[in-house]
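See structure below.
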Amino acid sequence: MTAPTTTALRKGGRWIEQWDPEDETFWRETGERTARRNLIFSVLSEHIGFSIWTLWSVMVLFMGPQYGIDPAGKFFLIATATLVGAVVRVPYTFAVARFGGRNWTVFSALMLLVPTVAALFVMKPGTSYTTFMVVAALTGVGGGNFASSMTNINSFFPLRKKGWALGLNAGGGNIGVPVVQLVGLLVIGTAGATHPRIVLAAYIPLIVVAATCALLWMDNLAPVRNDTGAAKEAVRDGHTWIMSFLYIGTFGSFIGYSFAFGLVLQTQFGRTPLQAASLTFIGPLLGSLIRPVGGSLADRFGGARITLWNFAAMAGATAVVVYASVEKSLAVFLIGFIALFVLTGLGNGSTYKMIPGIFQAKALAKGMEGEAAAAYGRRLSGASMGLIGAVGALGGLGINLVFRQAFLTSGTGTAAFVTFLAFYGVCFALTWAVYLRRPAAAPARTEITEAKPQLSYAEV
């Protein structure tokens, strides 16, 4: 196997013409080193992308009475950012094959300057609400970085290494949420709640560094091509939409709560900006760190089983939050809400683990065997992940809109938490009915693993 061939100026960037990570000799001699280098700088760019996407979860903490925006208006601002971030995930997924992973990482990183610089100019009392909405919408481009980054890194690693690489890539990106909230805490704690521009100014050079690193040390893979046939088949497959619904419950909850946590603390429990900021980052941090554990548990016990009981636990944690909201107990509220964050992280890992197994099981049901079944599973799961990620992120929009309506009508988030409790119950029932319920005459369930080719939908 020859080393990867690079053409320096092909299509305006550094392109590797030959790439075969499944060849163990190639992987050992040249592939692994190249893949790890690209992973490092992909994580850096995605990490900052998540920070910019969730920027308004911090900016609203700086928006005191002088801004003239009520809690419902603030929830709508962060919902706007969530919506745009979810929608742009779809084109970002296909951009890697069209423009190259390195080239798109550079471009998408530089795009983060637009909302950051815009916020730097408008973040002051007297700015119109419409202007704030436009700038909040611009931060949604950071949400697209996850889709393109995951698509790119998926192409670099062999099947036996994808779980580790994608878990690290996703977790490193998700940690961008608590990091920007910690930066906000630092600014509020040192300079006060009237200096939001310090947060924005701190991220501008970091964005430039991420883009420069991608330009200098990342690569494009010429063999990567968009598979429109697989994308169309994934859209028509019911499992894509079922998993999208379940991912709304896990990742949608994670990103929605990440946006809303600090604002809920301020609005419902009367916390000051400093007090809210000192607590806001804890949940997203734990939820990000625990994500790989969810994947590991799914490897061991089955993704559907972990997802099922994770939704049951999320419903239990939400019941605790409902009780705390009614009793106005901040201590109990924090326990329940932080537990929810941890469980969303676990669920993120287990639901994503389910996707390849579902499509490989479908291939076996079609009569495919061996490598043909595995290739079909990889092809369809890769095509569906971008759509699942985009739809799942819309759950964050739903959460923020439900919070907005609850505070608008009753001044508390109790009604919103009751709604979330019911939704997790539906997710539990759907997971059981589709992936774990055993028909009366069905044979014993089998685990979906590479070692057992007789895969079924019963356990993924």
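The values are calculated or read from the model by the stated rules, or taken from the named source; none is laboratory data. Keep in mind the model is a prediction, meaning the values are calculated, not measured. As a convention, Cβ positions derive from the backbone with ideal geometry for all residues, glycine included, and neighbour counts pool all protein chains shown. Side chains are part of the model used for accessible areas, which takes the heavy atoms of the whole protein and leaves out ligands, DNA and RNA. Shrake-Rupley method; radii C 1.70, N 1.55, O 1.52, S 1.80 Å.
Things worth noting here:
- Filter pass, Ile335 being of a type in the set (A, V, I, L, M, F, W, C) and open to solvent by less than 30 Å² (accessible area, probe 1.4 Å): no
- Filter pass, Ala230 being of a type in the set (A, V, I, L, M, F, W, C) and either in a loop (DSSP other than H, G, I, E, B) or surrounded by fewer than 24 Cβ atoms within 10 Å (Cβ to Cβ) (or both): yes
- Selection status of Trp53, in contact with a strand residue (DSSP E or B) (Cβ under 6 Å, 6 or more places away or on another chain), closer than 30 Å to Ser384 by Cα and either open to solvent by 50 Å² or more (accessible area, probe 1.4 Å) or not β-branched (Val, Ile, Thr) (or both): no
- Residue check, Leu44 under 30 Å from Ser258 (Cβ atoms), open to solvent by 20 Å² or more (accessible area, probe 1.4 Å) and either in contact (Cβ under 8 Å) with a residue 40 or more places away in the chain or among the small types (Gly, Ala, Ser) (or both): yes
- Looking only at region 102-139, residues that are crowded, with 20+ Cβ neighbours inside 10 Å, closer than 23 Å to Gly73 by Cα and under 22 Å from the mean Cα position of the chain (by Cα) come to 6 in all.
- Residues that are buried (at least 22 other Cβ atoms within 10 Å of the Cβ) and more than 27 Å from Asn38 (Cα to Cα) are absent from region 202-210 altogether.
- Of the helices (runs of 4 or more DSSP H) lying entirely inside region 21-96, those containing at least 3 residues that are polar (S, T, N, Q) and in contact with a helix residue (DSSP H, G or I) (Cβ under 8 Å, 6 or more places away or on another chain) span 32-53.
- Filtered residues of region 188-223 (kept if within 19 Å of Ser258 (Cα to Cα) and of a type in the set (A, V, I, L, M)): Ile188, Val199, Leu200
- Region 211-227, residues that are open to solvent by 30 Å² or more (accessible area, probe 1.4 Å), among the polar types (S, T, N, Q) and touching a residue at least 12 places away in the same chain (Cβ under 8 Å): Asn226
- Among residues of region 364-419 being of a type in the set (A, V, I, L, M, F, W, C), without any contact (Cβ under 8 Å) to a residue 40 or more places away in the chain and buried (at least 19 other Cβ atoms within 10 Å of the Cβ), the one that is farthest from Tyr323 (Cα to Cα) is Val402.
- Under the condition of being buried (at least 24 other Cβ atoms within 10 Å of the Cβ) and in contact with a Pro (Cβ under 7 Å, 6 or more places away or on another chain), the residues counted in region 60-85 number 1.
- If only residues of region 86-101 that are within 23 Å of Thr34 (Cα to Cα) and not aromatic (Phe, Trp, Tyr) are counted, the one that is surrounded by the fewest Cβ atoms within 10 Å (Cβ to Cβ) is Arg98.
- For region 421-433, the candidate set comprises residues that are of a type in the set (Phe, Trp, Tyr) and under 14 Å from Leu343 (Cα atoms); within that set, the residue that is least open to solvent (accessible area, probe 1.4 Å) is Tyr424.
- The set of residues from region 307-332 being open to solvent by 10 Å² or more (accessible area, probe 1.4 Å) and of a type in the set (Val, Ile, Thr) comprises Val320, Val322, Val326, Val332.
- Index of the failed condition, Val224 passing every other in (1) part of a helix (DSSP H, G or I); (2) among the aliphatic types (A, V, I, L, M); (3) closer than 24 Å to Asn152 by Cα: (1)
- Residue in region 81-88 that is more than 18 Å from the chain's Cα centre (by Cα) and free of Cβ contacts under 8 Å to residues at least 60 places away in the same chain present: no
- You will find that of Val332, Val342, Val322, Val293, the residue that is within 19 Å of Phe251 (Cα to Cα) and at pLDDT 90 or above is Val342 and no other.
- Test for Gly163: is it assigned to a helix (DSSP H, G or I) and either modelled with pLDDT of 90 or more or open to solvent by 20 Å² or more (accessible area, probe 1.4 Å) (or both): yes
- The one condition in (1) open to solvent by 10 Å² or more (accessible area, probe 1.4 Å); (2) touching a His at 6+ places or on another chain (Cβ under 6 Å); (3) β-branched (Val, Ile, Thr) that Ile358 fails to fulfil: (1)
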